[in-house]
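Remarks on the structure that follows.
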Amino acid sequence: MTMTTTSLAGLGLWLRERVGTRWVVATPIGVGKPNPALNAVYQYARRHADIELTVCTALSLNRPSPGKGLRQRLLGPFVERYYGEHVDLDFVADRARGALPENVHVVEFYLLSGSQLGNPRGQRDYLSSNYTHAARDLCARGVNILLQLYAEDRAAPERVSLSCNPDVTLELLRLLRASGRDPVVIGQAHEDLPYLHGDAEVPRAIFDLHIDERAHYPLFAVPAQPVSTVDHLIGLRASTLIPDGATLQVGIGALADALCHWLGVRQRDNAGYRAAVATAGGARGGVEAELAPFAQGCYASTELLMDGLLALLEAGVLRRGVIDDLDWQAVLDDAGGDAERFVELAWERGLLPETLGADEVAALVELQVLAAGTRIEPADAAPGEGDARGRGEVLVCASGERVSAHLDSADARAAFAAHAIAMDRVGVLVHAGFALGSRRFFERLRALPEAERRRIFMTGVDRVNQLAPGREALSRAQRQRARFVNTCMKMTLTGAAVSDTLSDGQVVSGVGGQYNFVAMGHALPGGRSVLMLRSTRGGDSNIVWEYAQQTIPRHLRDLVVTEYGIADLRGKTDEECVKALIAISDASVHERLRRVAVRHGKLAADWRVPMAWSGNRRARLDTLRRAHAQHFVEFPGECPFTATERALAGALADVDRLRRSPAGLLALARSTLQAAPEAQREALARLGLERPQGLRETLLARVIAGRL
């Protein structure tokens, strides 16, 4: 029996009476958490030491701390403006300051990148698991409470949408109930969650308890990261690996934003795109460059729906529809975009009945073969229907056109194809497990017309992140020419990828779905895994001989992209892999990498690095950026920062960089000799330095002004 409550204050006592004192709470990754309810549960456990609380989740997001001093003066107003009245998670704040009580554990299988480095509780309670295994592992931990936000459609009150987070919830509920357990499921509506379709739509009765008040706090939004010159070059190169008609999966972050940006440029300014690719040059590892605009378009099957993919949807890059039925998918593939052939093939293969009834039409609308709004009406509902009259019923198309519901003649099927079937509207364009993005991202999702939103099918990661049992044939049919594009931190010279953990075992983030997607790139005919990698970090090479931790083993090596080029490692010997990776590394480490590979017997002693690779230097990248400045934009999507904030952030970053070298320190010293120009008073006022007090602030103001 579903109940409602308006009192979060009484939630802890209600749970004690319902499940006892051992609470294993599952709550979604990202924005699907009902933060006020979670805070009520956590605070009850803090006050009652007999409660054993374990929160099982991932990617717990709180507003970032603006820090102290100049950092606070710069970021404090931004945090207040961008995140507003977002309700932070109390257990996240307590964990950050080392104040979690002993009776509380927060078990996460994916961490906000870098957030738990050096945090003993965060590191000890990290659960290393593939995203596809999360439901299994949470079930094994004895989950007995689920807490989740949902979206409402007031026109259909009996159903709700899990919106951005059906990813683990659906499978976890199935596993728990299959094992004879009946968890307490608690939900709360959030007014800003977009109503998303697919498997995310569930009966309202799935919840045992509804918090009878819509959540009004802002959803956690991820501000866009600036895309550097290096990021742009990596995204540009990776975009040449995406063929027309591809299946696309991408992650999150600046490299993913860069990839999506350049796919958009390829579509809307193909001449400019080709020019940028030609100027970039670099190694390609024998891989042919895909340069043409997208005629057929792509389809996305991805664990994460984010800003970049939504932009590709709006730009028409994502427009290859798929149908969630194996027989219909085969018809779609064989029809080649021709509506009449599509209908005739469906007729020949027994997929269309002689007469369409209301049930058949509803099923075809559900499959998105027919547009929403298509319906059956009596033939005498309107005069002048010609041969449709007198045969019982007509099909009213979404456009308003009326055609015969009887498909037993070629003429009737031709009319059906002409008026009821719009090939560019057939099928799903995106299958995704969860959604996360900027404020603008959520606004755009909510503003999408209903027909467009229905083409985004939210489902579990057990489906999108693997060739799902029971759906493998359909997955293979839909995921043609698949490109699974992810990011790694380091790469060994023999092709193993490091994506989530430092050499000392400190976890940065988590494996997420990366392993699954890499494996799928090998399992699907025509599929490829693409790992994007910045070749250096802080002057050190990210292409190394060995590393103590690995996320992707070397036997799954495939395509690797850095700012300097593309390495194709699939089916290659160790020697070939070593050479290919040196070719896309920074020239400053070429000789060192060559020597270590020779020492370990992976390169011949007389092999030398080709002179052609000596151009792999950062200075050349800046030249490339200047040559195509109109496309090398710092924020391809929404920029969350004001002009003053951007200028100050750049200036402070410059100061931080320059103080690390003698030449840089000299440049900073010269800056102190000149007073700040009047035009920079506004920026300095943001830092409280418009009227500096004392020598230190005076010098600091001059240094910063010198970098503006």
Open item on the list: Using amide H atoms built in the peptide plane, which far-off residues or other-chain residues are under 5 Å from His431 H to H?
Closed with: Ala300, Ser301, Thr302, Phe457
- [ ] Apply the Karplus parameterisation 6.51 cos²θ - 1.76 cosθ + 1.60, with θ equal to phi minus 60°, to every residue of the stretch 318-331 and state each ³J(HN,Hα) to the nearest whole Hz, in sequence, with x for glycine and proline.
- [x] 8, 8, 8, x, 10, 10, 7, 7, 4, 5, 5, 4, 5, 4
Task: FRET efficiency estimate (nearest 0.05) - Cβ-Cβ, Arg18 to His86, R0 25 angstrom - done: 0.30
TODO: Under a cut-off of 26 Å between alpha-carbon atoms, report the lysines in cross-link reach of Lys490, not counting same-chain residues fewer than 8 places apart.
DONE: Lys572, Lys579, Lys602
TODO: Rounded to whole Hz and in sequence order, give me ³J(HN,Hα) for the stretch 10-18 from the Karplus expression 6.51 cos²θ - 1.76 cosθ + 1.60, θ = phi - 60°, writing x for Gly and Pro.
DONE: x, 5, x, 5, 4, 5, 4, 5, 8
Task: Rounded tilt (10° steps) of 229-239 against the dominant C-alpha axis of the chain - done: 30 degrees
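If you average 1/r over every pair of different alpha-carbon atoms in the stretch 419-551 and take one over that average, what Kirkwood value in Å do you get?
Working: mean 1/r = 0.0569 Å⁻¹.
Result for the stretch 419-551 stands at 17.6 Å.
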TODO: Quick one: Debye curve from the alpha-carbon atoms of the chain only, equal weights, vacuum; give me log10 I(q)/I(0) at q = 0.09, 0.10 Å⁻¹ to two decimals.
DONE: -0.90, -1.09
- [ ] Using per-residue counts of other Cβ atoms within 10 Å, averaged over each peptide, order 254-263, 347-356, 586-595 from highest down.
- [x] 254-263, 586-595, 347-356
Task: Size of charge dipole - the chain - debye, nearest 20, with Cβ of Lys, Arg +1 and Asp, Glu -1, no other charges - done: 3760 debye
Open item on the list: Can you compute the label reach from Arg63? Point 7 Å from Cα along the Cβ direction, backbone N cut-off under 16 Å, restricted to the stretch 214-252.
Closed with: 216-223
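By the scheme Lys and Arg +1, Asp and Glu -1, what is the net charge of all other residues having a beta-carbon under 15 Å from that of Arg214?
-4
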Open item on the list: Among 167-175, 407-415, 64-72, how do they line up by average Cβ neighbours within 10 Å per residue, starting with the highest?
Closed with: 167-175, 407-415, 64-72
TODO: Using +1 at the Cβ of each Lys and Arg and -1 at the Cβ of each Asp and Glu in the chain, identify which of Pro353, Ser509, Gln249 lies farthest towards the dipole's positive end.
DONE: Ser509
Task: Helix axis angle, 618-627 relative to the chain longest principal axis, alpha carbon, degrees - done: 50 degrees
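Suppose R0 equals 41 Å. What FRET efficiency, 1/(1 + (r/R0)^6) with r the Cβ-Cβ distance, do Arg124 and Arg440 give to the nearest 0.05?
Numbers: r = 37 Å, r/R0 = 0.91.
Efficiency computed from Cβ-Cβ geometry: 0.65.
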Open item on the list: Please list, in order along the stretch 265-278, the HN-Hα scalar couplings obtained from phi with the Karplus expression 6.51 cos²θ - 1.76 cosθ + 1.60 (θ = phi - 60°), rounded to whole Hz, x for Gly and Pro.
Closed with: 4, 4, 7, 9, 9, 5, 5, x, 5, 4, 5, 5, 5, 5
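Can you tell me which of 297-304, 362-369, 83-90 comes out highest on packing, and rank the rest after it, using the mean Cβ neighbours within 10 Å? List each step's numbers first, then the result.
Values: 297-304: 24.5, 362-369: 18.0, 83-90: 16.2.
Put in order of decreasing packing, that is 297-304, 362-369, 83-90.
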Open item on the list: If I take R0 = 25 Å and measure r between the Cβ atoms of Asp334 and Arg453 in this structure, what FRET efficiency does the formula 1/(1 + (r/R0)^6) give, to the nearest 0.05?
Closed with: 0.30
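Using the 10 angstrom Cβ neighbour count as an exposure proxy, how do Asp500, Asp327 rank, fewest first?
Numbers: Asp500 23, Asp327 14.
Ordered from fewest to most neighbouring Cβ atoms within 10 Å, Asp500, Asp327 come out as Asp327, Asp500.
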- [ ] Starting from the amide H of Leu112, placed 1.01 Å from N in the peptide plane, find each other amide H under 5 Å away whose residue is 5 or more places distant or on another chain.
- [x] Leu59, Ser60
Task: Placed amide H near Ile242: partners under 5 Å, 5+ positions off or other chain - done: Glu290
Task: Formal net charge of residues neighbouring Gly637 (Cβ-Cβ distance under 15 Å; K, R +1; D, E -1) - done: -2
- [ ] Report, to the nearest 10°, how far helix 694-707 tilts away from the longest principal axis of the Cα atoms in the chain, using its own Cα long axis and a range of 0 to 90°.
- [x] 60 degrees
- [ ] Please report the relative contact order for the chain, taking Cα pairs under 8 Å with a sequence separation of at least 6, and give it as a percent rounded to a whole number.
- [x] 14 percent
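None of the figures in this text is laboratory data; all of them are computed from the coordinates on show. Just so it is clear, the structure is predicted and the values come from calculations on it, not from any experiment. Note that we place each Cβ from the backbone using ideal geometry, even for glycine, and neighbour counts take in every protein chain shown.
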